[in-house]
Amino acid sequence: MRAVVQRVCRASVTVGDEIVGAIGPGLLVYAAAAPDDTAADVAYIAEKVAHLRIFPDDADKMNRSVLDTGGAVLVVSAFTVQADARKGRRPSFDGSAPGPVAEPLIAELVQALRRAGLTVATGRFAAYMQVESVNDGPICVLLDSRRVV
């Protein structure tokens, strides 16, 4: 599983004319599952998102997590996060799980973040979404459950 995590002042996702998810300060997470992801991959990403220290402390050092700050998380399923653009000019999406595999994994990520004590809003799986965000910093981090040391 991969996730692009952005620290935001606020973010929202709209489907059609309806805002389906919105948060104030916190994290916007674009998440994508791979075909062979398991519960362990989901748990890794959830733990990293919840505890990633990318918010400033009183000394203006990035020492606080979204849990520490009381921020929220907006999870947006985005299969394109699994894109491979190493060859040619058109990215390959072969590394992205098909909907029936990806949807329950993304849902489990949302539940794991909620179990961690976070307020979590979501986009709508497989919908065309418009995402608005005011990035804070900007701070953007790529997480990949397969690239662990």
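The values are calculated or read from the model by the stated rules, or taken from the named source; none is laboratory data. Bear in mind that the values here come from a model prediction, so they are computed numbers and not experimental data. FYI the Cβ positions are ideal-geometry reconstructions off the backbone, even for glycines, and counts take in every protein chain you see.
Matching residues to (1) in contact (Cβ under 8 Å) with a residue 40 or more places away in the chain; (2) in contact with a strand residue (DSSP E or B) (Cβ under 6 Å, 6 or more places away or on another chain); (3) at positive phi:
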site: 60; (1), (2), (3): no, no, yes
site: 66; (1), (2), (3): yes, yes, no
site: 84; (1), (2), (3): no, yes, no
site: 88; (1), (2), (3): no, no, yes
site: 93; (1), (2), (3): no, no, no
site: 136; (1), (2), (3): yes, yes, no
site: 143; (1), (2), (3): yes, yes, no
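Within the stretch 109-149, being among the hydroxyl-bearing types (Ser, Thr, Tyr) and out of contact with any Phe, Trp or Tyr (no Cβ under 6 Å at 6 or more places or on another chain) holds for 119, 122, 128, 133. Looking across the stretch 59-84, the residues that are under 21 Å from residue 117 (Cβ atoms) and in a helix (DSSP H, G or I) come down to 66, 67, 68, 69. Please go through the stretch 32-59 and pick out each residue that is closer than 25 Å to residue 95 by Cα, charged (D, E, K, R) and surrounded by fewer than 20 Cβ atoms within 10 Å (Cβ to Cβ). Those that are closer than 25 Å to residue 95 by Cα, charged (D, E, K, R) and surrounded by fewer than 20 Cβ atoms within 10 Å (Cβ to Cβ): 36, 47, 48.
When residues in the stretch 32-58 are screened for being over 21 Å from residue 11 (Cα atoms), β-branched (Val, Ile, Thr) and assigned to a helix (DSSP H, G or I), 1 of them pass. Of all residues in the stretch 1-28, those being small (Gly, Ala, Ser) and without any contact (Cβ under 8 Å) to a residue 24 or more places away in the chain number 1.
Residues that are surrounded by 15 or more Cβ atoms within 10 Å (Cβ to Cβ), among the hydroxyl-bearing types (Ser, Thr, Tyr) and closer than 18 Å to residue 32 by Cα within the stretch 117-142 comprise just one, 122.
Within the stretch 96-116, is there a residue that is surrounded by fewer than 14 Cβ atoms within 10 Å (Cβ to Cβ) and either acidic (Asp, Glu) or closer than 19 Å to residue 141 by Cβ (or both)? No: the stretch 96-116 contains no residue that is surrounded by fewer than 14 Cβ atoms within 10 Å (Cβ to Cβ) and either acidic (Asp, Glu) or closer than 19 Å to residue 141 by Cβ (or both). Exactly one residue among 13, 5, 20, 29 is at pLDDT 95 or above, assigned to a strand (DSSP E or B) and surrounded by fewer than 22 Cβ atoms within 10 Å (Cβ to Cβ), and that residue is 20.
Remark: residue 7 falls outside the filter, which requires a residue to be under 25 Å from residue 94 (Cβ atoms), among the basic types (Lys, Arg) and under 16 Å from the mean Cα position of the chain (by Cα).
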